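*Asks:* Below are the structure tokens for one structure; questions will follow.
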Amino acid sequence: MIPNTFKLKRTIGGFVGIKLNKTGTAVDNNHSGPDGVVSHGRWLYAGDGDSTLKVIDLNAPTATALQAVDQHGRLDPS
């Protein structure tokens with residue numbers, strides 16, 4: 001249970017969301033997102049299932065997607 005001292009300020013859209021496998025029977029975690037979130041000051045960084053990195057300025061309402069630079073086309077190579 002979340003204490004009532006926390007307040008939702010807003011939701012951040014623009015992520016790939018849940019993607020299913022080719023047969024539609026299970027979630028495809030390699031292509032679903034967001035995949036990981038970390039913050040630093042007013043900046044929030046989130047990897048997404050389309051191999052982009054979303055950089056969100058928490059003081060502004062928009063996110064910017066940057067291309068992944070991994071040789072496998074993923075932010076989290078396996």
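*Asks:* Just reorder T52, T23 by solvent-accessible area, largest first, 1.4 Å probe, all chains present.
*Replies:* Of T52, T23, the descending order of accessible area is T23, T52.
*Asks:* Could you name the lysines whose alpha carbon sits less than 22 Å from that of K54, not counting residues in the same chain fewer than 8 places away?
*Replies:* Within the straight-line cut-off, K54 pairs with K9, K19.
*Asks:* Further, regarding this structure: Given a 1.4 Å probe, how much area per residue of region 4-47 is accessible, in Å²?
*Replies:* I get 84 Å² per residue for region 4-47.
The values are calculated or read from the model by the stated rules, or taken from the named source; none is laboratory data. The structure displayed is predicted, hence computed values, not measured ones. Keep in mind that these areas ignore ligands, DNA and RNA; they rest on the heavy atoms of the full protein, side chains included. Shrake-Rupley method; radii C 1.70, N 1.55, O 1.52, S 1.80 Å.
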